[in-house]
Amino acid sequence: MCGIVGYLGKKEAAAILLESLKRLEYRGYDSAGLCVVSPKGRFEIVRVVGKIVKLEERLKKSPVAGTLALGHSRWATHGRPSEENAHPHSDCTGNIVLVHNGIIENYLELKEGLLKKGHKFQSETDTEVIAHLFEEEMGIAAGSPKSHGRSIGKEARTWSDRAVLKMIARVSRRLKGAYALVVLCKLWGRKIVGVRKDCPLVVGVGEGEWFLASDMPALLPFTKEVIFIEEGETVILNEGIRPALYSFQGRPVRRATSQIPWDPLMAEKGGHKHFMHKEIHEAPRSFEDTLRGRVYEENLDSFLGEAGLSVAGARQIRRVQILACGTAYHSGLVAEYLFEKWTGLPCHAEIASEFRYKNRVIEPGTLVIAVSQSGETADTIAALRLARSHPGVTTLGIVNQIGSTLTRETAATLYTRCGPEIGVASTKAFLAQLAVFYLLSLALARAGGRVNPKEFQALGSELLRVPAALHSILAHIENLTLELAHELQDVKSFIYLGRHLFYPIALEGALKLKEISYIHAEGFAAGEMKHGPIALIELGTPVFAFALKNSSVYQKVRSNLEEVRARGAKIISVVHEKDHGLDALSHRVISIPAMSQEWFEPPLAALVTQLFAYHMAGVKGLDVDQPRNLAKSVTVE
């Protein structure tokens, strides 16, 4: 969603904020702005509708100087995209300026009360309410009535950290919802204050300079040393001293710095036209890196320990519950098949936003797995909190973003080793999530005695073949998927069909096409076609189908394709190399390497759908990395 950056140091802040905001463009946004504190203490606010480049152009025409600043890229929730609704926002007096990620659920109630007291609002946002709340509370703190439109307490000396914390506590008590705030106040002196509740915030530690950001890529050009702000904490940055962390109750918090293990070049395009294309081509390496050192018998105890389990603890698991949204949910659907095949444990994947509103009973002995690339998905975090409130459950996160909220909310985390994923549509992270599910299901199967050492070694060896097969696909189908995209770019609707392990891949393929090409697409279980969806088939309807010959349902899929072909469908079949059994039925055939078992082929099929969706969006001239209305990290419910 929205992006937050802040800076306190000795360098010109505007250039630093622009660079940081560019690093957060992948999150999705429709407007941007910043506030730089001038050498004379004035708040210089610049806001634009549209891309960061427009903000950069505005600043070239009218530069602002200063070494203390905050900035923001906004994804509209309350109020249309406009300069008035863009952040930063201020109060009536102009003493307070702040930026905000999240949603204030009770903002209408608060706004009505503030309007009755004479406050004047300049925007339609929920965020501006917070600025006026600070103004209101500062009037109380100053011990005198406010006069709207004029600065208050000008005679007051710079506030102490303790006074600022009391102010933060009073404002926070009045807010309901999720928020990360970064606040500047003329009366506080050269301080920049960050507040976190249910939305991510991280401090970057430089040489005599401090940074604030909602996501680590914003910090990569400047520092790899960070301090993670935990839930319900405030950070105060002052010149020349270490960042000070406090709980909402005002208690000091001590936390060591952490090192970001990413190189800034990992967040660059590396010669590719789009981040998404780069990340699709990075998928084999990400899959391989995620497996590295985790797939061997001698490392079983170590891997289970990484998952927060011992062999004895693994044997106590009675069922698996997976919580996720979007693409991560589809990885969980594949995992259902893997866990039930190899471990014999009941496994259920559920959309996190739906799980929260069921009166579901979670039995003791349940392993609850929360999956999120960013680790900040609000619905998944909320569902996890609900699940772990049940006694006897074990929680585990599958996450890419180091230090994210989900990693701190679960008892243990299995990281996907992807590095930054910048494109909004997840590609390499999806395949890496599958890699983790392969590892975990096999490890639990081995710990529980469902597979013997010889079987475990054979399955592990086959899993290690997947990265090479992914490389082979990328080497051979780029031009074919591009040709198909040119041919089908004007199609209005698309159908994806799969059975068994490939039904979730059909869902994911349709999602990718919708996300970035804006073509209506639906994924169906192929056996369900005759129960309704076949009514959608007419002459020329494109149907993307997975028909891999070593699948236990190959002949059934073939029968389903005969049905849609008879009604005029234009079939694009994903088949094994050297399998020509569907040539006569198919408009086009896309070949992928055959694995020894069908269980290891979903990642290969998924890669095909990713590349096809990418080229469909590309030939239509769309913004592949930042599709409309979408955000990389969905931090609001």
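Among DSSP beta bridges lying fully in the chain, give the percent that are antiparallel, nearest 5.
60
For the residue pair Lys117 and His520, what label-to-label distance in nm results when each label sits 7 Å from Cα along the Cα-to-beta-carbon direction?
5.0
So what is the 222 nm mean residue ellipticity for the chain from helices alone, if each DSSP H run of at least 4 adds -39500 (n - 2.57) and you divide by all residues, rounding to the nearest 500 deg cm²/dmol?
-11000 deg cm²/dmol
Sort 554-565, 397-408 by the packing proxy (mean of other Cβ within 10 Å over each peptide's residues), most packed first.
Sorting 554-565, 397-408 by mean packing, highest first, produces 397-408, 554-565.
Can you tell me which of 482-491, 341-350 comes out highest on packing, and rank the rest after it, using the mean Cβ neighbours within 10 Å?
The packing order, highest mean first, is 341-350, 482-491.
Expected output is a single nm value to one decimal: the length gained when fully extending between Ser62 and Arg628, i.e. 0.36 nm times separation in residues minus the C-alpha distance. What is it?
Roughly 200.8 nm would be gained on extension.
Where in the stretch 417-460 does the label zone of Ser596 land, with the point 7 angstrom along Cα→C-beta and an amide N cut-off under 13 Å?
Correct set: 454-460.
For a label point 7 angstrom out from the Cα of His587 toward its Cβ, which stretches of the stretch 561-576 have the backbone nitrogen within less than 14 Å?
564-574
Once you put a point 7 Å from the Cα of Lys54 and another 7 Å from the Cα of Gln249, both along the Cβ direction, what distance in nm separates them?
4.6
Given R₀ = 30 Å, what would the calculated FRET efficiency be for Leu464 paired with Ala411, taking r from the Cβ atoms and rounding to 0.05?
Step by step, r from the Cβ atoms, then E = 0.60.
Hey, any idea what % of the stretch 375-419's accessible area is carbon plus sulfur with a 1.4 Å probe?
Solvent-exposed carbon and sulfur of the stretch 375-419 make up 53 percent of the total.
Return one whole number: the accessible area per residue of the chain in Å², for a 1.4 Å probe.
In whole numbers, the chain has 38 Å² accessible per residue.
At a probe size of 1.4 Å, how large is the accessible area of Arg315, to the nearest 10 Å²?
Spelled out: Arg315, probe radius 1.4 Å, area about 140 Å².
When the solvent-accessible surface of protein heavy atoms is calculated with a 1.4 angstrom probe, in what order do His476, His281 fall, highest first?
Largest accessible area first, the residues go His476, His281.
On a full-extension model of 0.36 nm per residue, what is the gain between Arg190 and Thr77, subtracting their alpha-carbon distance, rounded to one decimal in nm?
Extra length available between Arg190 and Thr77 comes to 37.6 nm.
With the cut-off at 1.5 for a/c, could you classify the stretch 204-331 from its C-alpha gyration tensor as rounded, prolate or oblate?
Taking the square roots of the gyration eigenvalues as a ≥ b ≥ c, the stretch 204-331 is oblate.
Quick one: length gained pulling Lys454 to Lys578 fully straight, 0.36 nm per residue minus the C-alpha distance?
So the extension gain works out to 41.6 nm.
Set the Förster distance to 22 Å, then compute FRET efficiency between Lys358 and Arg315 from the Cβ-Cβ distance, nearest 0.05.
Result of the calculation: an efficiency of 0.15.
Could you tell me the center-to-center distance, by alpha carbons, between the stretch 459-481 and the stretch 575-604 in angstrom?
Centre-to-centre distance over Cα atoms comes out at 12 Å.
Which stretch or stretches of the stretch 301-339 have amide N atoms under 19 Å from the point lying 7 Å from Ala256's Cα along the Cα→Cβ direction?
The answer is 306.
At a 1.4 Å probe, what is the % contribution of carbon and sulfur to the accessible area of the stretch 545-637?
45
The values are calculated or read from the model by the stated rules, or taken from the named source; none is laboratory data. As the structure is a computational prediction, the values presented were derived from the model and not from experiment. In this analysis, Cβ positions are derived from the backbone assuming ideal geometry, glycine residues included, and neighbour counts consider all displayed protein chains. SASA here: full protein model, heavy atoms, side chains in, ligands and nucleic acids out. Shrake-Rupley method; radii C 1.70, N 1.55, O 1.52, S 1.80 Å.
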